[in-house]
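Right, one structure below, let's go through it.
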Amino acid sequence: MRKTPLVVLAVLAVVATSCSSGDTATTATSRAETPGSTQAPGSAGPTTPVQRDCGAEYLAQFTPRQKLAQMLTVGVTGADDATNVVRTEQVGGIFVGGWTEPALLADDQIGQVAAAAKVPLMVTIDEEGGRVSRVKDLIGVAPSARETAQTMTAEQFHDATLTRGKALKDLGVTVDFAPDVDVSSQPDDSVIGDRSFSDDPAVVTRYADAYISAMREVGVGTVMKHFPGHGSGSGDSHTGAVRTPPLDQLQTVDLVPFRGLINSGAAVMVGHLDVPGLTTAGVPASISPQAMSLLRDGSGYGAAPFSGVIFTDDLGGMAAITSRMSIEEAVEAALVAGADNALWITTDAVPQVLDRLEEAVSSGRLPADRVDASVLRIAHYKGALTC
């Protein structure tokens, strides 16, 4: 968001305050543990506790380029590809797609990839159930969201998700790009279709909440998608531009699940959606400052401010973006607009993307303090920073 330097400073201040509440000097601890101790006359005053700024310590371990790399999640073909991009650039996350060698997860090769990272690595996947399932051969099939809502209660879905979430975690997955909280009545085989729990936003909210809660219990991160709502979009962003109903119409349907779940602990994925009344013509939500501001501030759709991680949808394999700009341009546009993490499906362009981002920081198009704020948000989300 171009208008948020003060917001970013506030976020960093909160992080710094919360991170500096931990370790104090040993001398202070020892004194506190000695009941009745007194200070000798004429001796120096009590030692002032030394407080750590663990957020600053976390950031200090990265070069400026590596901080930018922490804001990238890239698709990999297998263990060698993943290990190389993590070791050479320290990307923050890898994405396991349908094209990824099954052995990466099946043969526990994630360990060697994670060992190349300075900090915990996000291992991400699209595992919604139904037709969007990358590891059904490893952990079994699950019904689509629509079938789930028609055949089991939210409580039963929660319990089923516990089992599936544990299986994902055992494979090494740390973040699932689910649940899909789009509200849709479109045919099952349309781009959203049966990936939506229901055309009733209350039902979508209830089942998505059960999913997020269960995944949190087993330690797998979740990502709600596709903000601000793909369920009534005009087409498929994989194949071209998608136009949603105007923003005022989204308020009472598509935005309802996001509004209800914004404090659930899930991250949010922003879609490649042209939204009348919100986005500038030709600038989809995933690279739109207005869309990022709507999500971050919350007031424009009656929600609480969102302090979590904002992911983009895939910037490298979907025509709604690729027909308009290169991957280097798209990643810069997304991060400048206010996203915390840019997602795309190959490692090929990572060096070129980082070259461009370094220049964007140098020129001031991407403020360095905003980079720091995003890196810290991501760190908290993936459990790399707990103070």
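Restricting attention to segment 70-381, close to 5% of DSSP beta bridges with both partner residues there are antiparallel. The value of relative contact order for the chain, using C-alpha pairs under 8 Å at least six residues apart, is 17 percent. If I stretch the segment between S363 and N84 completely, what's the gain in nm (0.36 nm per residue apart, minus their alpha carbon distance), one decimal? Contour length minus the Cα-Cα distance gives 97.5 nm. Counting beta carbons within 10 Å around each of K67, K166 and listing the fewest first gives the order K166, K67. Note on segment 70-381: Rg/Rh from C-alpha atoms, Kirkwood Rh, equals 0.94. Count charges around V91 for me, please; just the other residues with Cβ under 12 Å from its Cβ, Lys/Arg as +1, Asp/Glu as -1. So the surrounding residues net to +2. List the lysines whose Cα sits under 22 Å from the Cα of K118, skipping any in the same chain fewer than 8 residues away. Excluding near neighbours in sequence, the set is K67, K169, K382.
One equal scatterer on each Cα of segment 221-278, no solvent, Debye formula: the resulting log10 I(q)/I(0) at q = 0.24, 0.28 Å⁻¹ is -0.95, -1.15.
Think of each Lys and Arg Cβ as +1 and each Asp and Glu Cβ as -1; about the Cα centre, that makes the dipole of segment 70-381 roughly 540 debye.
Each Lys or Arg adds one and each Asp or Glu takes one away; over the other residues whose Cβ falls under 15 Å from the Cβ of E147, this sums to -1.
Overall shape: prolate for segment 177-242, with the ratio a/c of the largest to smallest alpha carbon gyration tensor axis at 1.5 or above and a/b above b/c. Among the chymotrypsin sites (Phe, Trp or Tyr not before Pro) found in segment 59-123, those both in a DSSP coil and sparsely packed, with 14 or fewer other Cβ atoms within 10 Å of their Cβ, are W99. Protection proxy ranking, highest mean first, for peptides 251-258, 363-370, 155-162, 196-203: 251-258, 196-203, 155-162, 363-370, where packing is the per-residue count of other beta-carbon atoms within 10 Å, averaged. Spatial offset of segment 278-326 relative to segment 223-267 amounts to 10 Å, using the alpha carbon center of each. Estimated purely from DSSP H runs of n ≥ 4, each contributing -39500 (n - 2.57), the mean residue ellipticity at 222 nm for the chain is -12000 deg cm²/dmol once divided by its residues.
Here, each number is a calculation from the coordinates, and none is a lab measurement. The shown structure was predicted, so the numbers you read here are calculated from the model rather than taken from an experiment. Please note: Cβ atoms are built from the backbone with ideal geometry, for glycine as well, and neighbour counts cover all protein chains shown.
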